[in-house]
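Here's the structure we're looking at; comments come further down.
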Amino acid sequence: MSRVEPRADVVIVGGGVIGSAAAWRLATRGKSVTLLEQFEPGHRRGASHGSSRIYRQAYDGEFYTALAGRALPLWRHLQDTTGTEVLTLTGAVDHGLPAVVELRARSLAALGIRHEVLEPCSAERRWPGIRFDTAVVHHPEAGRLHADRAVAAFQEAAAQAGADVRHGIVVESLHSHGHGVDVVTPDAVVRGRHVVVAAGAWSHRLLTRASDPAPRLPAMRTTQEQPAHFVPVTGPDWPSFVHHPGALLTTAGIYGLGSEDGIKIGEHGTGPEVTPETRTFRADPAGVARLAAYAARWLPGVDPGSAVADTCLYTSTPDSNFVVDRIGAVVVAAGFSGHGFKFAPAIGELIAGLVEGTAVAPEPFRFGTREAVTAR
Ligand SMILES: Cc1cc2nc3c(=O)[nH]c(=O)nc-3n(C[C@H](O)[C@H](O)[C@H](O)COP(=O)(O)OP(=O)(O)OC[C@H]3O[C@@H](n4cnc5c(N)ncnc54)[C@H](O)[C@@H]3O)c2cc1C
C-alpha cells in the first residue's frame with residue numbers, strides 16, 4: 001500500500017526549465033509546492049540542458065516580443081536572488097531575408113525596444129566573426145542564457161522560498177477528484193490542490209494516464225535536434241544571431257551564439273522524429289557536415305573543422321505556439337517548440353496566475369483552439 005502524503009497547494013511534474021521556473025514563481029507567492037523530476041539534477045535527456053540558450057526579444061509579432069520583455073526583469077530577479085549569473089547580455093542580430101528582418105524590426109519598434117538596422121558591411125566590421133546576409137537588425141537587450149545554471153538557480157530559488165524539490169521520482173498517473181489531484185509515484189501518492197504538468201516530451205503520455213477532465217492538446221512532434229560547438233578564432237565579442245534563409249542562404253535557417261563550449265550553431269527543427277525512448281543521443285554525421293559547411297561559408301570567426309555536436313529534444317506544436325492552459329485542477333505547460341527557454345520565468349508567472357485563477361491563458365496558448373487531439 002502506497003504512502004499518502006499531506007496535500008500541497010501545487011504538485012509540479014517535471015524539473016526542466018519550465019517546471020523549475022513555475023516552482024519558483026508559485027513558492028514566492030506563498031504556495032506550498034512539491035516538484036517531482038524523474039531524473040537526476042542536470043540530466044541531459046530532455047530539452048533544458050547545456051551551457052547556452054539564446055535570449056532575444058525580436059520575434060515576428062508583438063505577442064512573443066512582449067512575452068520576452070516580461071521575462072527580462074524576472075531573469076534579473078533570479079540572478080539577484082541566487083547570486084548566479086544566468087543571463088549575459090551580448091546583443092542579438094537577425095539577418096537574411098529582408099521581409100523577415102523588417103518584421104522583427106517592426107515588432108521591436110512597436111514595443112519601444114532599442115534596436116538598429118545596419119548595412120551588412122558595417123555589421124561585419126562590428127562582429128568580424130560573422131558574414132552578414134542582405135538585411136540586418138540588432139537589439140542590445142539580448143544575449144545568452146546559461147542553461148544548466150538557470151535550471152539549478154530556479155530550483156535553488158524555489159527551495160529557498162519553501163518548495164520541496166525532489167529528483168529521481170517518476171510520476172505514473174494523475175487522478176483528479178473533488179479536492180484536487182492525486183499524483184501517483186511508485187511508492188507514494190502525492191496530493192495536490194492543483195497539478196502542473198511540465199513534462200516536455202513526456203507530457204502527452206502522462207496525460208493519457210490522467211483521469212478526466214482531460215485536456216485537448218494539439219498533436220505534438222518530438223524531434224532529436226543536434227547543435228554543434230565550434231572553436232572560435234576571433235575575439236569574445238559574439239552576439240547571438242539568427243540567419244533567416246531565403247536571401248543569400250538557400251539551406252535551412254541557422255541560429256547561433258557564443259558559449260563556454262565555443263560558438264554554438266544549429267538548424268531549427270530539422271531533426272528526425274523520435275520518442276524519449278527511441279532517440280539515439282547520436283548526432284547524424286550529415287547534419288554535422290551541413291553545419292560545418294555553413295561555418296566555412298558564413299562564420300570566418302570559427303574553425304569549421306572543429307565541430308562537436310550534442311543532441312536535445314524539441315517538442316513542437318504545428319504552429320510553434322506553446323500550450324499553457326488549465327482544465328479543472330490541471331495546468332499543462334508543454335510544446336515549447338524549440339524556443340521556450342528565454343520565456344521561462346514569464347511562463348512560470350503565467351502558470352502561477354492560472355493556478356490562482358488570476359490569469360487566463362492567452363489565446364495562442366489555449367487547448368483546443370488549434371487542430372487538437374484528446375490526451376488519450
Ligand atoms: C538544441 C536546442 C536548442 C534550443 N535553443 C533555444 C534557444 O536558443 N532559446 C530558447 O528560448 N529556447 C531554446 N530551446 C528550447 C528550450 O530549451 C525548450 O523549449 C525548453 O528547455 C523546454 O523545457 P521543458 O521544461 O518544457 O522541457 P524539459 O526540459 O524536457 O523538461 C521536462 C522534464 O519533465 C521530466 N518528466 C517528464 N515526465 C515525467 C514524469 N512522469 N515524472 C517526473 N518527471 C518527468 C523530464 O525528465 C524533464 O526533466 C532549444 C532547445 C533545444 C533542444
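The values are calculated or read from the model by the stated rules, or taken from the named source; none is laboratory data. Being a predicted model, the structure only gives us computed values, none of them experimental. Cβ coordinates were reconstructed from backbone atoms using ideal geometry, including for glycine residues, and neighbour counts include every protein chain displayed.
Closer than 28 Å to Thr90 by Cα, more than 10 Å from the ligand (Cβ to nearest atom) and at pLDDT 95 or above: which single residue out of Ser20, Ser51 fits that description?
Among Ser20, Ser51, only Ser51 is closer than 28 Å to Thr90 by Cα, more than 10 Å from the ligand (Cβ to nearest atom) and at pLDDT 95 or above.
Please go through the stretch 316-347 and give me each residue that is over 10 Å from the mean Cα position of the chain (by Cα) and polar (S, T, N, Q), ordered by number.
Correct list: Ser316, Thr317, Ser320, Asn321.
Checking the conditions here, which among Ala329, Ala307 is assigned by TED's automatic domain parsing to the domain that holds Gly15, away from the ligand (no atom under 11 Å from the Cβ), at pLDDT 95 or above and among the hydrophobic types (A, V, I, L, M, F, W, C)?
Ala329
Mind checking which residues of the stretch 120-153 are out of contact with any Lys or Arg (no Cβ under 9 Å at 6 or more places or on another chain) and either assigned by TED's automatic domain parsing to the domain that holds Thr185 or among the charged types (D, E, K, R) (or both)?
Selection gives Arg125, Arg126, Asp133, Asp148, Arg149, Val151, Ala152, Ala153.
Give the stretch 192-222 a look and list any residue that's under 21 Å from the mean Cα position of the chain (by Cα) and more than 24 Å from Asp164 (Cβ to Cβ), or say none.
Answer for the stretch 192-222, where residues must be under 21 Å from the mean Cα position of the chain (by Cα) and more than 24 Å from Asp164 (Cβ to Cβ): Ala201, His204, Arg205, Leu217, Pro218, Ala219, Met220, Arg221, Thr222.
If I filter the stretch 23-39 down to residues being assigned to a strand (DSSP E or B) and within 14 Å of the ligand (Cβ to nearest atom), which single residue comes out as surrounded by the most Cβ atoms within 10 Å (Cβ to Cβ)?
Filtering the stretch 23-39 for residues that are assigned to a strand (DSSP E or B) and within 14 Å of the ligand (Cβ to nearest atom), the one surrounded by the most Cβ atoms within 10 Å (Cβ to Cβ) comes out as Leu35.
On the basis of being farther than 15 Å from Gln38 by Cβ and within 11 Å of the ligand (Cβ to nearest atom), does Leu217 make the cut?
For Leu217, the condition - farther than 15 Å from Gln38 by Cβ and within 11 Å of the ligand (Cβ to nearest atom) - is not met.
Restricting to the stretch 22-62, what's the tally of residues that are charged (D, E, K, R) and in contact with a helix residue (DSSP H, G or I) (Cβ under 6 Å, 6 or more places away or on another chain)?
Looking only at that region, the number is 5.
Is it fair to say Gly262 is crowded, with 18+ Cβ neighbours inside 10 Å and within 13 Å of the ligand (Cβ to nearest atom)?
no
Please pick out the residue among Val231, Val302 that is more than 16 Å from the ligand (Cβ to nearest atom), touching a Pro at 6+ places or on another chain (Cβ under 6 Å) and modelled with pLDDT of 95 or more.
After applying the criteria, what remains is Val302.
Could you check the stretch 142-204 for strands (runs of 3 or more DSSP E) lying wholly inside it with 1 or more residues that are away from the ligand (no atom under 11 Å from the Cβ), among the basic types (Lys, Arg) and at negative phi?
Output list reads 188-197.
Here's the yes/no breakdown for (1) at pLDDT below 95; (2) part of a loop (DSSP other than H, G, I, E, B); (3) farther than 30 Å from Leu248 by Cβ:
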| residue | (1), (2), (3) |
| --- | --- |
| Leu72 | no, no, yes |
| Val93 | no, no, no |
| Val100 | no, no, no |
| Ala105 | no, no, no |
| Val117 | no, no, no |
| Glu124 | no, no, no |
| Arg131 | no, yes, no |
| His138 | no, no, no |
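Between residues in the stretch 303-314 that are touching a residue at least 60 places away in the same chain (Cβ under 8 Å) and residues that are of a type in the set (A, V, I, L, M) and near the ligand (Cβ under 7 Å from one of its atoms), which pairs lie under 9 Å by C-beta distance while being six or more apart or on different chains?
Cys312/Ala47; Leu313/Ala47; Leu313/Ala201; Tyr314/Ala47; Tyr314/Ala201
Being surrounded by fewer than 19 Cβ atoms within 10 Å (Cβ to Cβ), more than 13 Å from the ligand (Cβ to nearest atom) and not β-branched (Val, Ile, Thr) narrows it down to one of Gly69, Gly42, so name that one.
That would be Gly69, the only listed residue that is surrounded by fewer than 19 Cβ atoms within 10 Å (Cβ to Cβ), more than 13 Å from the ligand (Cβ to nearest atom) and not β-branched (Val, Ile, Thr).
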